[in-house]
Amino acid sequence: MADSAQAQELVYLVTGGCGFLGEHVVRMLLQQEPRLRELRIFDLHLGPWLEELKTGPVQVTAIQGDVTQAHEVAAAVAGAHVVIHTAGLVDVFGRASPETIHAVNVQGTKNVIEACVQTGTQFLVYTSSMEVVGPNIKGHPFYRGNEDTPYEAVHRHPYPRSKALAEQLVLEANGRKGLRLGGRLFRAIPASVEHGRVYVGNVAWMHVLVARELQERAALMGGQVYFCYDKSPYKSYEDFNMEFLGPCGLRLVGTRPLLPYWLLMLLAFLNALLQWLLRPLLLYAPLLNPYTLAMANTTFTVSTDKAQRHFGYEPLFSWEESRTRTVRWMQTMDSSAQ
Ligand SMILES: NC(=O)c1ccc[n+]([C@@H]2O[C@H](COP(=O)([O-])OP(=O)(O)OC[C@H]3O[C@@H](n4cnc5c(N)ncnc54)[C@H](O)[C@@H]3O)[C@@H](O)[C@H]2O)c1
Ligand SMILES: CC(C)[C@@H](O)CC[C@@H](C)[C@H]1CC[C@H]2[C@@H]3[C@H](O)C=C4C[C@@H](O)CC[C@]4(C)[C@H]3CC[C@]12C
């Protein structure tokens with residue numbers, strides 16, 4: 001728990017607070033934000049683990065709600081000093097309709113912004129996504145770029161489009177008055193295709209830090225975009241996954257993709273066709289579709305220190321700690337699934 005020497009007077013709201021990132025943000029706030037008086041956790045699906053948080057000095061308020069419902073959002077935001085908006089629908093597999101993705105990611109963000117403006121909450125931290133930048137539909141690589149690296153962000157897929165629209169809304173609102181195994185995997189992606197990954201604990205820490213520092217440095221930080229980053233190594237998506245799957249007993253077969261790209265594309269399009277044909281009967285949402293294959297095969301990594309320069313961000317967890325914690329998390333997930 002955080003040091004209680006400082007006055008506890010702040011009310012934080014975390015939307016999507018029971019999600020993968022949201023839970024880390026919630027727990028990080030309780031550990032790292034000494035000024036917390038009340039922590040509101042707003043989510044469509046509340047987790048049972050929230051109960052264990054209610055024994056500490058900070059008032060933890062669980063709110064079951066839907067960001068697409070403006071009145072529910074307004075009620076949750078009212079009186080909050082800081083809102084960290086992580087609630088979102090992460091879907092690149094075609095599970096949800098484009099309309100649903102838009103409703104949650106765009107309209108939901110509009111509702112959060114309007115609630116902040118209407119109820120006078122000055123500080124809003126929004127969780128965007130690398131996909132707001134790319135990879136674009138032309139497959140242009142983004143090699144160790146930073147927030148200022150020029151890149152033609154062109155999207156057709158519902159998820160990146162929704163995240164780009166939502167991010168734009170947030171930026172435009174800045175300054176508004178009145179916001180396991182023993183299996184084998186077969187390589188499908190060239191090892192040379194770098195993909196950016198960041199440990200969730202460092203992402204959560206960055207959210208907490210930016211929310212705190214934003215209150216003191218609004219002139220510098222307001223309206224800014226910050227890439228999340230840490231010391232995670234630059235690797236292909238599959239090689240990076242093996243950092244965690246290897247210790248769990250899995251092995252990646254092949255130093256080069258075992259199937260030619262054209263065959264993977266054919267399989268991806270067949271999956272997309274099958275998804276379309278089966279949709280009236282059942283939801284068929286495999287990992288491999290044209291969008292995920294293009295994502296996996298396009299170099300997209302960042303190299304920046306903007307968060308360090310603007311608000312002193314340093315990763316809380318080293319790469320070794322991040323890897324150990326992730327392996328441990330995977331092993332607990334695997335044992336609970338058995
Ligand atoms: N996981 C990643 O790799 C990644 C990377 C970059 C950005 N993001 C972004 O981070 C945010 C959180 O992602 P995550 O990985 O934790 O996903 P997640 O699915 O684990 O968490 C999202 C949370 O939002 C909640 N939610 C969904 N629809 C809601 C609604 N209508 N009303 C209220 N709550 C709702 C869900 O119940 C869930 O708890 C998202 O905005 C996502 O776009 C995720
Ligand atoms: C079937 C093979 C080709 C397999 O290797 C495909 C992997 C594919 C499922 C992932 C490759 C890249 C991933 C995405 C990327 O890491 C960034 C994302 C942004 C974030 O906001 C949400 C998750 C994701 C879209 C992530 C999803 C899985 C991949 C597409």
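Data overview
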quantity	calculated
For the range 16-88, with +1 on Lys and Arg beta carbons and -1 on Asp and Glu, the positive-most of 59, 16, 49 along the dipole	59
Fully extended contour minus Cα-Cα distance, from residue 176 to residue 144, at 0.36 nm per residue	8.2 nm
Lysines whose Cα lies under 25 Å from that of residue 306, excluding same-chain neighbours fewer than 8 positions away	163, 231, 235
Shape call, the chain: gyration tensor on alpha carbons, a/c limit 1.5	prolate
Centroid-to-centroid separation of the range 67-96 and the range 102-177 [C-alpha atoms, Å]	14
For the range 7-133: rounded, prolate or oblate by the Cα gyration tensor [a/c cutoff 1.5]	prolate
Gyration tensor verdict on the range 219-299 (Cα atoms; rounded if a/c is under 1.5, prolate if a/b is larger than b/c, oblate otherwise)	oblate
Ranked by how many other beta carbons lie within 10 Å on average, peptides 322-330, 226-234 from highest	226-234, 322-330
Residues with amide H under 5 Å from that of residue 252, placed H, sequence gap 5 or more	185
Estimated inter-spin distance, residue 97 and residue 218, nm [label 7 Å along Cα→Cβ]	4.0
For the range 7-121: relative contact order, % (alpha-carbon pairs under 8 angstrom, 6 or more apart)	30
Unit charges on C-beta of K, R, D, E only; dipole of the chain, Debye	740
Value of [θ]222 nm, deg cm²/dmol, for the chain, DSSP H segments ≥ 4, -39500 (n - 2.57) each, nearest 500	-12000 deg cm²/dmol
DSSP beta bridges in the chain [antiparallel fraction, %, rounded to 5]	5
Rounded to the nearest 20 debye, dipole of the range 30-110 from Cβ charges on Lys, Arg, Asp, Glu	220
The range 119-210 - charge dipole about Cα centre, Lys and Arg +1 at Cβ, Asp and Glu -1, debye rounded to 20	420
Selection from 214, 158, 201 lying farthest towards where the dipole of the chain points positive, charges on Cβ	158
Residue-normalised accessible area of the range 57-163, given per residue in Å² at a 1.4 Å probe	45
Per-residue ³J(HN,Hα) for the range 78-85, Karplus 6.51 cos²θ - 1.76 cosθ + 1.60, θ = phi - 60°, Hz, x for Gly and Pro	3, x, 7, 7, 9, 10, 10, 9
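The values are calculated or read from the model by the stated rules, or taken from the named source; none is laboratory data. Please read all numbers here as calculations on a predicted model, not as lab measurements. All Cβ positions, glycine included, derive from the backbone under ideal geometry; neighbour counts span all protein chains shown. Remember, those area values only see protein heavy atoms, side chains included, never the ligands or the DNA or RNA. Shrake-Rupley method; radii C 1.70, N 1.55, O 1.52, S 1.80 Å.
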